[in-house]
Structures are given as structure tokens and as C-alpha cells.
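Q: Submitted below is the structure of interest, expressed as C-alpha cells.
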């Protein structure tokens with residue numbers, strides 16, 4: 001019985017982690033354009049008023065291909081408002097959020113998610 005419960009816990013944990021993959025939660029908006037062992041590059045499109053499901057991104061760089069305005073709702077309820085111009089670049093640490101396009105234009109971005117752990121700090125001299 002304990003093996004069954006352990007297996008069930010493992011499967012449920014894996015399902016939860018997978019469910020937060022934006023490709024799984026919002027495959028109509030996210031598309032993988034490149035992936036290797038170090039990065040995953042996503043293209044994202046949405047229309048004004050559209051909203052994503054809650055999902056997770058590891059640390060990433062975002063490049064805006066269109067101007068847009070959106071909110072990000074974090075798991076603790078905090079809401080961030082972000083506005084981008086074409087060519088804006090953003091670095092973000094890993095985060096879980098729900099995104100909502102609150103502007104008048106579609107969102108179109110490229111995101112480069114990092115798969116690597118942060119490098120170790122340089123030794124102090």
C-alpha cells in the first residue's frame with residue numbers, strides 16, 4: 001500500500017509540474033520555435049482581452065515584437081502591470097503567473113527560457 005501511495009504522490013507531483021508548462025496550459029498562444037538542452041525559445045501571441053491560465057516560466061529573456069500592455073497576476077495575488085514598445089527587452093527571474101492583455105493591441109513576443117542552473121558565485125579573494 002505504501003508503494004502505491006508513493007507512486008500516486010510522484011504521479012500527481014509530475015502532473016502538477018507539467019500542468020504549469022505554458023505549452024500545456026495555453027498551447028493556442030505559445031509555440032516552441034527552438035529547444036535544446038540549454039534553452040527553450042517560445043513565441044507568444046494573444047489579442048486584447050485574452051488571458052492565460054496560471055503557468056510557470058524558468059528565468060527568461062523577453063523580446064517585444066509588438067507594443068502591448070498587460071497584467072501579470074502572481075500566485076500571492078499581487079498584480080504587476082507591464083507595458084512594452086517594439087524592441088523592448090526584459091530579463092525576469094523564474095515566476096508563476098496569469099497574464100492578461102489589458103491593452104488595445106495584440107501581444108507578440110519571443111521568450112528565451114533558460115534551462116541551466118545559475119552559475120556559482122565567483123570565489124571571494
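Q: Would you confirm whether any residue within region 30-45 is touching a strand residue (DSSP E or B) at 6+ places or on another chain (Cβ under 9 Å), modelled with pLDDT under 90 and not in a loop (DSSP other than H, G, I, E, B)?
A: Checked against the condition, which is being touching a strand residue (DSSP E or B) at 6+ places or on another chain (Cβ under 9 Å), modelled with pLDDT under 90 and not in a loop (DSSP other than H, G, I, E, B), region 30-45 yields no hits at all.
Q: Limited to region 73-90, what total is found for residues that are touching a strand residue (DSSP E or B) at 6+ places or on another chain (Cβ under 7 Å), assigned to a loop (DSSP other than H, G, I, E, B) and either closer than 20 Å to residue 21 by Cα or in contact (Cβ under 8 Å) with a residue 60 or more places away in the chain (or both)?
A: Counting residues in region 73-90 that are touching a strand residue (DSSP E or B) at 6+ places or on another chain (Cβ under 7 Å), assigned to a loop (DSSP other than H, G, I, E, B) and either closer than 20 Å to residue 21 by Cα or in contact (Cβ under 8 Å) with a residue 60 or more places away in the chain (or both) gives 2.
Q: Just to be sure I understand, how many residues within region 73-89 are surrounded by 16 or more Cβ atoms within 10 Å (Cβ to Cβ) and under 13 Å from the mean Cα position of the chain (by Cα)?
A: Selection size over region 73-89: 1.
Q: OK, next. For residue 104, indicate whether it is at negative phi and over 12 Å from the mean Cα position of the chain (by Cα).
A: Criteria met by residue 104.
Q: How do the pairs read when you match residues in region 43-68 that are on the phi > 0 side of the Ramachandran plot and without any contact (Cβ under 8 Å) to a residue 60 or more places away in the chain with residues anywhere that are surrounded by 15 or more Cβ atoms within 10 Å (Cβ to Cβ) and assigned to a strand (DSSP E or B), using Cβ under 9 Å and keeping only pairs 6 or more apart or on different chains?
A: Within 9 Å, the pairs are 49/100; 49/101.
Q: Name the residue, out of 40, 70, that is more than 10 Å from the chain's Cα centre (by Cα) and closer than 21 Å to residue 103 by Cβ.
A: Going through 40, 70 in turn, the sole match is 70.
Q: Is it true that residue 98 is within 20 Å of residue 36 (Cα to Cα), in contact with a strand residue (DSSP E or B) (Cβ under 9 Å, 6 or more places away or on another chain) and either part of a strand (DSSP E or B) or at pLDDT 95 or above (or both)?
A: Considered against the rule, which asks whether it is within 20 Å of residue 36 (Cα to Cα), in contact with a strand residue (DSSP E or B) (Cβ under 9 Å, 6 or more places away or on another chain) and either part of a strand (DSSP E or B) or at pLDDT 95 or above (or both), residue 98 comes out as no.
Q: I need the full set of residues from region 57-72 which are surrounded by 17 or more Cβ atoms within 10 Å (Cβ to Cβ) and in a strand (DSSP E or B), in order please.
A: Result: 57, 60, 62, 64, 68, 70, 72.
The values are calculated or read from the model by the stated rules, or taken from the named source; none is laboratory data. Everything numeric in this text was worked out from a predicted model, so none of it was measured. Cβ: placed from backbone, ideal geometry, glycine included. Neighbour counts: every protein chain shown.
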